[in-house]
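First up is the structure itself, then whatever we jot down about it.
The values are calculated or read from the model by the stated rules, or taken from the named source; none is laboratory data. Note that the structure is a prediction, hence the values are computed from the model and not measured. As a convention, Cβ positions derive from the backbone with ideal geometry for all residues, glycine included, and neighbour counts pool all protein chains shown.
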Amino acid sequence: MKDSLKKYAVLLLFTATLSAQDFGYDYYNVTDYRSLGVNYSLQDFSARSSNNLPDSLRIKFSTNLSSIEYRELGVRLAVGYQEYLLGGRTKTSLSVYAESGRDFPLSGKADRSGLFLPVIVSANYVKAEALQIGAKNFDIGSFGIGAGLRYRYFTRSLGVQAGGTAAFHYSTEGFSTEYGTSTSFAGEVMFVFPELFLGGVVAGYRFQSQLWNMSDPQLDYQRYYHGPFVGIMF
């Protein structure tokens, strides 16, 4: 009987020791999230001061933009479609954004918490219809690189991330020979709740701006938008 009690005592002590040490591993790492959700943004699309079109021919709208987006650590893909009124006519706009990158730790743990330097590859495509048939539509694809600053605090049960990135792009119009550059800035605050609903919830608020400087000044436009996003983890 005493021998049996000793064996159980040793086994319990060994189990407790292993649980306490944990060997530095997380059984669930919240940085491994993937989510699919929506973004709802207030926005403004308008001509820059360098645009030489008359006001009556410029594309301008402030219609809210709804997007479907996929997210995981270091990756964001978003597609949005909208309709807007221009000169009393209904026009459409398509927006596609893709961003991928890597965070280099400046302080803290390499994959969980601390201050990071994000380096990103960014691409986007924006199309917006002009007022008149024959007038030039805005139809620009851009590809570039950027960097920024980001703070992250990730535990097993909660993730918090906040920061911003700036990017410089080479831009080109559709299948034409028009080209130019664009600059963008994005800032957001994001929360990851792995145990809130179903597989978990990702939610936050994002601001983004982009300014185009093209070889044809008629394509010099700017865009600002901001709003909340939410996604379900899977």
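Give me a count of the residues in the stretch 41-76 that are hydrophobic (A, V, I, L, M, F, W, C) and within 22 Å of Gly204 (Cβ to Cβ). Break it down into steps so the answer makes sense when it comes.
Within the stretch 41-76, the first condition is being hydrophobic (A, V, I, L, M, F, W, C), and the residues that meet it are 42, 45, 47, 53, 57, 59, 61, 65, 68, 73, 75.
So of that shortlist, the ones also within 22 Å of Gly204 (Cβ to Cβ) come out as 42, 65, 68, 73, 75.
Matching residues across the stretch 41-76 total 5.
Collect the residues in the stretch 187-234 that are buried (at least 17 other Cβ atoms within 10 Å of the Cβ) and of a type in the set (D, E, K, R), keeping them in residue-number order.
Of everything in the stretch 187-234, those that are buried (at least 17 other Cβ atoms within 10 Å of the Cβ) and of a type in the set (D, E, K, R) turn out to be Glu188, Arg206, Asp220, Arg223.
Of the residues Ala203, Ala186, which is among the hydrophobic types (A, V, I, L, M, F, W, C), in contact with a Ser or Thr (Cβ under 9 Å, 6 or more places away or on another chain) and within 30 Å of Arg156 (Cα to Cα)?
Every option except Ala186 fails the conditions.
I need the full set of residues from the stretch 119-140 which are surrounded by fewer than 19 Cβ atoms within 10 Å (Cβ to Cβ) and either part of a strand (DSSP E or B) or not small (Gly, Ala, Ser) (or both), in order please.
Val119, Val121, Ala123, Tyr125, Lys127, Leu131, Gln132, Ile133, Lys136, Asn137
Yes/no matrix, rows are residues, columns are (1) in a strand (DSSP E or B); (2) surrounded by fewer than 20 Cβ atoms within 10 Å (Cβ to Cβ):
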| position | (1), (2) |
| --- | --- |
| Ser142 | yes, no |
| Gly148 | yes, yes |
| Arg152 | yes, no |
| Ala166 | yes, yes |
| Tyr170 | yes, yes |
| Thr177 | no, yes |
| Thr181 | yes, yes |
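Each row is one residue, and each column tells you yes or no for (1) touching a residue at least 60 places away in the same chain (Cβ under 8 Å); (2) on the phi < 0 side of the Ramachandran plot; (3) touching a His at 6+ places or on another chain (Cβ under 6 Å).
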{"site": "Thr181", "(1), (2), (3)": "no, yes, no"}
{"site": "Ser184", "(1), (2), (3)": "yes, yes, no"}
{"site": "Val189", "(1), (2), (3)": "no, yes, no"}
{"site": "Phe193", "(1), (2), (3)": "no, yes, no"}
{"site": "Phe197", "(1), (2), (3)": "no, yes, no"}
{"site": "Gly200", "(1), (2), (3)": "yes, no, no"}
{"site": "Tyr205", "(1), (2), (3)": "no, yes, no"}
{"site": "Gln210", "(1), (2), (3)": "yes, yes, no"}
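Does Thr92 fit the bill of being in contact (Cβ under 8 Å) with a residue 40 or more places away in the chain, in a strand (DSSP E or B) and β-branched (Val, Ile, Thr)?
So Thr92 does not fit the description; no.
Search the stretch 56-83 for residues that are under 23 Å from Pro118 (Cα atoms) and pair each with any residue that is hydroxyl-bearing (Ser, Thr, Tyr) when their beta-carbon atoms are under 6 Å apart and the residues are at least 6 apart or on different chains.
Matching pairs, first to second residue: Arg71/Ser35; Leu73/Thr31; Val75/Ser100; Leu77/Tyr70; Ala78/Ser67; Ala78/Tyr97.
Checking Ser157 against (1) surrounded by 15 or more Cβ atoms within 10 Å (Cβ to Cβ); (2) in contact with an Asp or Glu (Cβ under 9 Å, 6 or more places away or on another chain); (3) not in a strand (DSSP E or B), only one condition comes out false. Which one?
It is condition (1) that Ser157 fails.
Please count how many residues of the stretch 140-180 are under 30 Å from Leu115 (Cα atoms) and touching a helix residue (DSSP H, G or I) at 6+ places or on another chain (Cβ under 8 Å).
The total comes to 6.
When residues of the stretch 146-181 are filtered for being of a type outside the set (Ser, Thr, Tyr) and within 30 Å of Glu129 (Cβ to Cβ), how many remain?
Within the stretch 146-181, residues that are of a type outside the set (Ser, Thr, Tyr) and within 30 Å of Glu129 (Cβ to Cβ) number 10.
Just name the residue that is surrounded by the fewest Cβ atoms within 10 Å (Cβ to Cβ) out of those in the stretch 73-103 that are at pLDDT 90 or above and within 14 Å of Arg152 (Cβ to Cβ).
Arg102
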